[in-house]
Amino acid sequence: MTEAPSDVTRLLLQLSSGESDAYARLMPIVYEELRRVAARQLRRERDEHTLGPTALVHEAFLRLVDLHSISWQGRSHFFGMAAQAMRRILVDHARRRSAFKRGSAPPVTLDSESAAAADAPSEEVLAVDEALETLARLDARQAKVVELRYFVGFSVEETAEVLGVSPITVKRDWALARAWLQRELSPEA
Amino acid sequence: MMPIDAERWPLVKELFGEIAELPAGERAARLMAVDDIEVRAEVAALLRAGDAVNDRFERAPALPVDSVAAEEDAPGMLAAGLRVGPYRIVREIGRGGMGVVFEARRDDAQFEKRVALKAMLPGLVSGEVVRRFGQERQILAHLEHHNIAALLDAGVTEFNQPYFILEYVEGEPISRYCASRRVPVRDRLQLMRQVCDAVQYAHEQLVVHRDLKPGNIFVTSDGTVKLLDFGIAKMMQPIDGAAASHTRTGLAPMTEAYASPEQLAGGHVSTASDIYSLGVVLFELLAGRRPFDAGDGFFPARSADAEPPAPSRVVTDAAAVTSDAGDARRLRRALDGELDSIVLMALRPEPDRRYHSAQQLSEDIGRYLAGRPVLAQPDTLRYRLRKFTRRNRFATAAAALAVVALMGGTVVSVIQARAARAERDRALREALRTHAVTQFFQQVFAAARPQRKGVNVTVVQAIDAAIPGIDSSFTDQPDLQAAIKLTLGETLTRMYLYDRARPLLEDAYRTRQRLDGGRVTRDAADIIYDLAQIENEIGKPARAESLYRVSLAMLGALPDRDSVVVFEALANIAEAEMSQGRLAQAESLYGAVAGGIARWKPRDEQARAIAVGNHATALSQLGRFVEAEPLHREAVRLFEHSRGPNDLQVAAALQPLAGNLVYQRKFDDALVQARRAYDLNLHALGPDNPATLGAERTVTAALVDGGRCAEAMPLVRGMVALRGRVLHESDPTLGVAYTQLGQCTAAGGDLAGGERILREAVAMRAAALGADHWAVHVTRSLLGEVIARRRRVGDAEPLLLDSYAGLLRTLEPHHIRVLEARDRLATLYRMTGREAEANALAK
């Protein structure tokens, strides 16, 4: 017995029919599963330096959801939620890393090479996360696009499917969002 | 320059999309055509940034694979005397399979702070565990709840050993706390609600405890629950997948007796697992033992799908002795029924059939405590009636239902109550009818589900849509139409949708009257009663009262008159009389209700307490303090006995008793009772709660009237200080406080100051209550007394005379306030040598 796919599927169906309770129950499961998959990958692939979030989210989806009974809407809900969970995992990770860098605790990572390589993105992850809060107030969908494109690495088409809009719309949102992030994250701004 | 807001963002978006497509040479011209200068600047800046961004942000950040630290045993074993960061270890206070807990002190600054330091046993610390620790502490650091021991700090020692610094909780495990103090069942349930609140909060923060058990649920000496080790179980767990085997080797931190079936099976752990553990803890608190025996460490004692027994079946004598029940038989009876159902619902083997959240469990316990039907149990008529009369309808308004979520359940319970009644009356016809009614509602709720993507229909909308259909659907079955309207009307009443309920109920009544040829039926009486309830709820006591009287007459005319419902109706009429100021009528009705309940339901102590308490309050308001006092005391005693000595109902009953004693000039006793009410309220509700403030005012009154102005002054000044901030100018409380301030100022020798303040108090109270209110006359009489003491007899006499006359007009002639005013006037006469007039007054 592992994470019963039917449970998640059922909760997704409930979510589609407007039961907000389902969201609160699903989020922890999705979050847990993402971390679990990541942990398993870490043990399996010692020689790799990084794990791609896209692959993690897809694997979590396959493990958690019964593909025969899930609707299009349920799929969208799942990936929307997974994006949020993934963002949080990456941000938590980056926060821990920059905390260690500031010397508040001895670094856990001993491999200096991968630690150094990871430093630059972790600053960016935190900055994007923060900037996204502002963007979400201007345009919630645009913020969602960033979450899916940047934090999960979904393609334009995948993002369009999850959000239920056309790829052209995602492309436009994404072009502006990137320009906006670029400006928000540049030092003189 | 104003930043771009959400309002103008669509414009920015549109322009950016359009201009970005243009060749570089044409952009400037197009930009200049933008009128809004800020939008223009924003778009220009974004276009520049867009050119510079290249492929930045195009690649998702990867999760770096940390090389895992060498899995050697850390050499550093923590022990007393050692320092960890700014903390000095004082002593070891506990040790488990995976970790060890110390008492420690932070003694860097001026103050010393006691904390608990929890560290993993060094041999178990792998690189993976350290990794996970770093992630988890971020989550735990955000867990801030007064029922959760706070995570103050966390770190890794120089030997790579993770540790947590937690709030030091002075208390004992909930099971021991309850047993050693013989905590009554109701208070155990209240404690459990605190536990649920904390767990719910953590679940909302995505933190699952995973190891809830009495050893992690502490209660401090003041009765506050503190949950320990939230989320720590997971961090201290070996890498996932191995959990099942570790359970059996006793290495895993999870405690088997409290673990859910899915945890035992090594399956997915979710918030539902915590609900299960809460169920085991509740089971143990009620029955004195756990639903399953603990395993021996190697073999689990139960299979994953084992069904627990009902708590009432397995109560132990020890549990009975250490609770308020006395013996096992009584405890069994107390648990049998709803409490069994609540516990068993939390303990269902299938995670998705348990309570969906800790909050839901807590609410169901709350419903039980409030005497309302619980979710966990199917409704029967007997059950519903039992609840009905136990409900405290005179207390503050019942907590609002989670309307839409409960809608389905409410309809079902209304239908089932009707079905049960039908068995008694006209079994077959009614049953068929009920079936049709049920079907109708199923259709309504099917409509409440989204029909198309993106279209959500609320339950209320679905009902509104269904109402016209009732008349067109069952044209040849008017009694069915009436039944549906009655059911729907009662349902909507329970949802507080009175405007929608009333026309349905009235319609149902008219149809029934036509069908029954004007004969009195139970349905008709019920409808009138429902309509009376509505009028009562919307603040129309006069209309409510007349409807109650009609329903009472109808109920009385029925062959199977139900005494319980009759008392309900009587009590409601009394309440309506009371709120219309007809105290004498209310008093006699309350007296009848109290007598009736004592005779018909002698064992229902809460119903008795409520009835006796209301009767006592009516008597006190009539000024019949001597008669009222023993009844007030009886209400206190009944609440203490049925709900425990620290229940808020006890405080609610103590307060009018204290007020009564003040009027009887038994100040010392009044002070004792008022202080007890104050302490109970303060502890449970905090200092700013109206109930706490009310009790504080009673304490103040007992002090001021008892002549203990020195002690009262700080309280009075505190109340006066609330003027304009917490208390509105017209708040009657303020007038009371100013009166007391004036009294005490004068008593302290400052007669001029006292006079000035009392004049202000008179004005305030007249503004708040009307010029001819007895309380205004009391204040005027007090003012007259101060003026008399300033030797301005000419000013004082008319004031004392007029206020005395006013009191005679507004209160019973032997009311203590009347007598006090008379004595003040008599004192003035004596002061001026008019003994004859003084003596005439005394007669």
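The mean number of Cβ atoms from other chains found within 10 Å of a Cβ in peptide A:153-160 is 1, as a whole number.
Length gained on full extension, B:Arg313 to B:Asp668: 123.0 nm, using 0.36 nm per residue less the C-alpha separation. Phi angles of the range B:347-362 translate, via the Karplus equation with coefficients 6.51, -1.76, 1.60 and θ = phi - 60°, into HN-Hα couplings of 9, 5, x, 7, x, 7, 9, 7, 3, 6, 7, 4, 5, 4, 4, 4 Hz per residue; Gly and Pro are given as x. B:Val115 contributes an accessible area of around 0 Å² to the protein surface, as traced by a 1.4 Å probe with all chains present.
Taken over the C-alpha atoms, the range B:687-815 has Rg and Dmax values of 14.4, 45 angstrom. The amide H of B:Leu152, built 1.01 Å from its N in the peptide plane, has B:Ile165, B:Leu166, B:Glu167 as neighbours under 5 Å, considering only residues 5 or more places off or on other chains.
Put a dot 7 Å past the Cα of B:Thr827, heading toward its Cβ, do the same for B:Ala41, and the two dots end up 7.5 nm apart. The simple Förster model, with R0 at 45 Å and r as the Cβ-Cβ distance, assigns B:Asp750 and B:Lys843 a FRET efficiency of 0.80.
Counting only other chain Cβ atoms within 10 Å of each residue's Cβ, the peptide A:171-180 averages 6.
Placing dummy labels 7 Å off each Cα toward the beta-carbon, the span from B:His146 to A:Ala136 is 2.9 nm.
Between B:Arg514 and B:Asp352, the simple spin-label model (points 7 angstrom out along Cα→Cβ) gives 4.7 nm.
With N as its number of residues, the range B:750-843 has a Cα radius of gyration that, divided by 2.2 N^0.38 Å, comes to 1.04. Apply the a/c threshold of 1.5 to the C-alpha gyration tensor of the range B:488-534 and tell me whether it is rounded, prolate or oblate. Prolate, because a/c is 1.5 or more and a/b exceeds b/c.
Evaluating 6.51 cos²θ - 1.76 cosθ + 1.60 at θ = phi - 60° for every residue in the range B:631-639, the Karplus couplings come out as 5, 4, 5, 5, 4, 4, 4, 5, 5 Hz, glycine and proline recorded as x.
Which entries of B:Lys540/B:Lys666; B:Lys113/B:Lys213; B:Lys226/B:Lys666 have Cα-Cα distances beyond 30 Å here? From the list (B:Lys540/B:Lys666; B:Lys113/B:Lys213; B:Lys226/B:Lys666), the Cα-Cα distance tops 30 Å for B:Lys540/B:Lys666; B:Lys226/B:Lys666.
When all alpha carbon pairs of the range B:580-702 are counted in 10 Å bins from zero, the resulting P(r) reads 16, 42, 34, 8, 0 %. Taken residue by residue and averaged, Cβ atoms of other chains lying within 10 Å of the Cβ of B:259-265 number 1.
The values are calculated or read from the model by the stated rules, or taken from the named source; none is laboratory data. Nothing here was measured: the structure is a model prediction, and the numbers come from that model. Neighbour counts run over all protein chains shown; Cβ positions are idealised from the backbone, glycine included. These area figures cover heavy atoms from the full protein model, side chains too; ligands, DNA and RNA do not enter into them. Shrake-Rupley method; radii C 1.70, N 1.55, O 1.52, S 1.80 Å.
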